[in-house]
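Structure, as structure tokens:
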Amino acid sequence: MNCRVCGSELSDGTLFCGNCGSSVTAARVRPPAVADSRPSDTSIVERLPKPAVAGRFPGAEPLDDAPILVEDLDTAPPVEQAQVTYTLSFSTGPSVEVSGTGLIGRRPITQPGEQVDQLITVDDPARSVSKTHLEFGIEAGELWICDRYSGNGTVAHPLGGVARLCEAGRRYRVTRGTRVEIGDQWFDVS
């Protein structure tokens, strides 16, 4: 078996490519009508561009007004879905119910023109959590996270799976039971 992203040879039972880190199961395309199929591990949803922050990322292109998730609504029939919620239980004590998009950090702020449903503040006196550490959202009933170029990174530990360092600017689907480390803090997804 070969990696579908970089072509490296993989041994049977491998979940992630040792060369590029891609999830072996992420390359499978799931039809949008199958709402009950959940990935068995943390998998990549899609790569996002770096945010344009003046003076912080030399050479970064400013983001245009196009939405992050591009869907062709004309090809898919409208589907009514009940609002899916997840609970994020933080190591600092609080639990927060999420149902839309949001940002998590010590003092999370949106970029100009960006709109989110929730801003979740993590109490971290040691400052291992960045001001705006990661973003999250729910798509097709599944929660995704994306590290926002944080200083100490984000690691996802799927229940019964292998820990994965999340590449900044890339969305990762997380299932219930996953523990997400943000700096020295963490939260559990349920």
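The figures follow:
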read-out: Total formal charge among the other residues, if their Cβ is under 12 angstrom from that of Asp117, Lys/Arg +1 and Asp/Glu -1; value: -3
read-out: Burial order of peptide ranges 143-151, 176-184, 157-165, 4-12 (average beta-carbon count within 10 Å, highest first); value: 143-151, 176-184, 157-165, 4-12
read-out: Inter-label distance for Asn152 and Ala168, nm, one decimal - labels placed 7 Å from Cα along Cα-to-Cβ; value: 1.6 nm
read-out: Simple spin-label estimate for Asn2 and Asp123 in nanometres, 7 Å along Cα-Cβ; value: 5.4 nm
read-out: Taking N as its residue count, the alpha carbon Rg of the stretch 132-190 over 2.2 N^0.38 Å; value: 1.01
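Just so you know, all these numbers are worked out from the coordinates, no wet-lab data involved. Quantities reported herein were computed from a predicted structural model and do not represent experimental measurements. Heads up, the Cβs are rebuilt from the backbone with ideal geometry, glycines too, and the neighbour counts pull from every protein chain shown.
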